[in-house]
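Q: Please find one structure pasted underneath; my questions will follow.
Since every read-out is calculated from the coordinates, none of them should be taken as a lab result. Here the structure is a predicted model, which is why all the values come from computation and not from measurement. Here Cβ is always computed from backbone atoms with ideal geometry, including for glycine, and neighbour counts include all displayed protein chains.
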Amino acid sequence: MRRLVVLSRMSMDGFYASPDGNVDWFVRDPEVDEASHELTDPDTTVFGRHTYQMFERVWPAVAADPDAPKQARAMGDELNRMTKVVFSRTLTDLSWENSVLASGDVAGQVRELKQADGRDIVVFGSGSIVGELAGNGLVDDFVVVLTPVVLGGGKPLFAEQPRSSLRLRSAREFDSGNVLLHYQPADG
């Protein structure tokens, strides 16, 4: 069975995005990006509409930009190649290559994805998707970059989540102040 990995940045006060959905507060660090990437081997990503649209605005352009840093171009290329499953009730068309529109039962469809052939499935941010998948016991790993910023409000990574216990698999701190945390469900 394929692993489902949530890969997200989170502020010190538990938000993955500011109230308006902005992520300009991330403390960028290529070492953190590389270390978090080493914890998963995805060929598929699952998005909610907002996160998909944010990624679509940025990553194809980065992949095509010869002046972008090599590591960023490589990430853009990898995202372009991945299958992108996008859950939305409002989108009718997707223009980013290898994107598939999905609607309806998120947990059921992701459960089917996990049983299909392939490598890891990763979820970037997408708080509502994370909540639904975690609430249905479908998340195998949580890789969280804890960022040294307090937002004072925003979109919580774990909104309306039933109580659950996690087991720390690893923790790594970086000179940038970011801390990379790898958790698994305690019962997994």
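Q: Okay, helix-only estimate at 222 nm for the chain: each DSSP H run of n ≥ 4 adds -39500 (n - 2.57), divide by all residues, round to 500 deg cm²/dmol; what do you get?
A: So the calculated ellipticity at 222 nm is -9000 deg cm²/dmol.
Q: So, one more: What Kirkwood Rh does region 87-171 have if only Cα atoms enter the pairwise 1/r average? Answer in Å.
A: 15.2
Q: What residues qualify as long-range amide H neighbours of ARG169, i.e. H under 5 Å apart, gap of 5 or more or another chain, H built at 1.01 Å from N?
A: HN-HN under 5 Å from ARG169: HIS182, TYR183, GLN184.
Q: Does a label point 7 Å from the Cα of ALA68, set along Cα-to-beta-carbon, have any residues of region 20-36 with amide nitrogen under 19 Å, and which are they?
A: Of the residues in region 20-36, 23-36 have backbone N under 19 Å from the label point off ALA68.
Q: Starting with the highest mean, order 27-33, 66-72, 164-170 by the number of other Cβ atoms within 10 Å, averaged over the residues of each peptide.
A: Most protected by this proxy first, the peptides run 27-33, 164-170, 66-72.
Q: Also: (i) 29, 19, 14; (ii) 25, 18, 17; (iii) 22, 22, 17: which one is semi-axes √(5λ) of the Cα gyration tensor in Å as calculated from this entry?
A: Comparing each candidate, only (iii) matches the computed number.
Q: Using a 7 Å offset from the Cα along the Cα-to-Cβ direction at both LEU168 and ARG81, what is the distance between the two label points in nm, to one decimal?
A: 3.5
Q: Sticking with this one: What do you get for trypsin sites (Lys or Arg not before Pro) in region 77-125 restricted to DSSP loop and a cutoff of at most 15 other Cβ within 10 Å of the site's Cβ?
A: On the way: sites: ARG81, LYS84, ARG89, ARG111, LYS114, ARG119; in loops: ARG89, ARG119.
Those that pass, being in a loop and sparsely packed, are ARG89, ARG119.
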